[in-house]
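Enquirer: Dumping the structure here so I can ask a few things about it.
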Amino acid sequence: MRAVKFFGRERVAVREYPNPKPQEGQVVVRIRASALCGSELHAYRGEQELESNPGHEPAGVVVDASRSRRWRDGDRVGIHAVWGCGTCEWCQRGVFTFCDEKRFCPGAHAELMAVPDYACVPIPEDLSFAAGALLAGDGLGVPYHTSRRLPTRGGDTVAVVGCGPIGLGNVMVQAFLGARVIALDRVPDRLRLARDLGAAETVDVSAADPVECVRDLTRGRLADAVIEASGRPEGFALALKIVGKAGTVACNGENTQVSLHVGTDLIRRDITLFGSWFYHIREYPEMVDLVRRGLAVEKLISARYPLEEAQAAYAAFARGETAKVILEP
Ligand SMILES: [Zn+2]
Ligand SMILES: [Zn+2]
């Protein structure tokens, strides 16, 4: 089978690998769509050559269910990228992300993968594999899990700082759930995408004082909630400045070392600050419901490429002007 291999320094290519064989409790999935994730860009730009690739948001068709009792050949599945042990208390509750023995789904930009059968979720017949990859992966999962933890109600103002793929997913989900979304970024193409996905207002942080803009847009109240999706210290600092009294700041952006004054930033204004990572596999049916109720999840996709054009796909994605980019092996 063929799979993408990372060579380091922004070089990738398709290479031949042995076909995976299922172990007991595993299925082999023929990948039909595999989403690129911002979390891969560190490895893409890094020096190190990888065994294959860090893809982890795939969907496809079961082609070998001989070692599984859960699935049959031909079943359409998405793959939850965080594989719990399957038996501990958290795994039993459908929260693989909290499992102490968790592993990460390796090498999904490939034609075939052997995966634990309990980490697969069903993709309904009427959904595309690309939509399935967004639903089973973090493209929709992170924004959905974050939305479940926000105390906001319809009509509240939710600001999203950073409109990369995760920020744009948050814009889409929050707008769909009835929030008035203010999207903030410095890239015009991303702000245009944010408007397409339902942002009521956009703020170019390089053109104007973003705090004053949000103050004007909210008649002085500032945002009821802010989702920090830039993963940068200045984005985090901005999130704390544009959240209103008794508001909530949710952090999706990782790799940020920040400074925080507990008194002025949190205590004196009753601010709630929390982190939110990935999604819980038990939330998957709720996300399918959201699509059933009209969430146009495929609007998050900016481009699709065949596996052979992985280099072009990463180059486009790394420019930071797209939402999700999909490889179609
Ligand atoms: Zn991801
Ligand atoms: Zn476990």
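The values are calculated or read from the model by the stated rules, or taken from the named source; none is laboratory data. Small disclaimer: the values here were computed from a predicted structure and weren't measured. Ideal geometry is used to build each Cβ from the backbone, glycine not excepted, and the neighbour counts take in all protein chains shown. Heads up: the accessible areas ignore ligands, DNA and RNA and are worked out on the full protein's heavy atoms, side chains in. Shrake-Rupley method; radii C 1.70, N 1.55, O 1.52, S 1.80 Å.
Enquirer: With 162, 154 as the choices, which residue is away from ligand 2 (no atom under 16 Å from the Cβ) and either surrounded by 20 or more Cβ atoms within 10 Å (Cβ to Cβ) or acidic (Asp, Glu) (or both)?
Expert: Selected residue: 162, the only one of 162, 154 that is away from ligand 2 (no atom under 16 Å from the Cβ) and either surrounded by 20 or more Cβ atoms within 10 Å (Cβ to Cβ) or acidic (Asp, Glu) (or both).
Enquirer: Being in the same structural domain as residue 96 (by TED's automatic domain parsing) and touching a residue at least 24 places away in the same chain (Cβ under 8 Å): is that true of residue 249 here?
Expert: Taking the combined requirement at face value, the residue does not satisfy it.
Enquirer: On to the next question. Kindly provide the set of residues from region 89-108 that are farther than 22 Å from residue 39 by Cβ and open to solvent by less than 40 Å² (accessible area, probe 1.4 Å), ordered by number.
Expert: 91, 94
Enquirer: Please list, ordered by residue number, the strands (runs of 3 or more DSSP E) wholly in region 99-182 having 2 or more residues that are within 18 Å of residue 329 (Cα to Cα) and not charged (D, E, K, R).
Expert: 112-116
Enquirer: Something else about it: Between a residue in region 62-89 that is within 16 Å of ligand 1 (Cβ to nearest atom) and any residue that is among the polar types (S, T, N, Q) and not in a strand (DSSP E or B), which pairs come within a Cβ distance under 9 Å, given they are 6 or more apart or on different chains?
Expert: These pairs meet every condition: 82/97.
Enquirer: I've got another one for you. Which condition breaks for residue 260 when tested against (1) in contact with a strand residue (DSSP E or B) (Cβ under 9 Å, 6 or more places away or on another chain); (2) under 22 Å from residue 193 (Cα atoms)?
Expert: Condition (2) is where residue 260 drops out.
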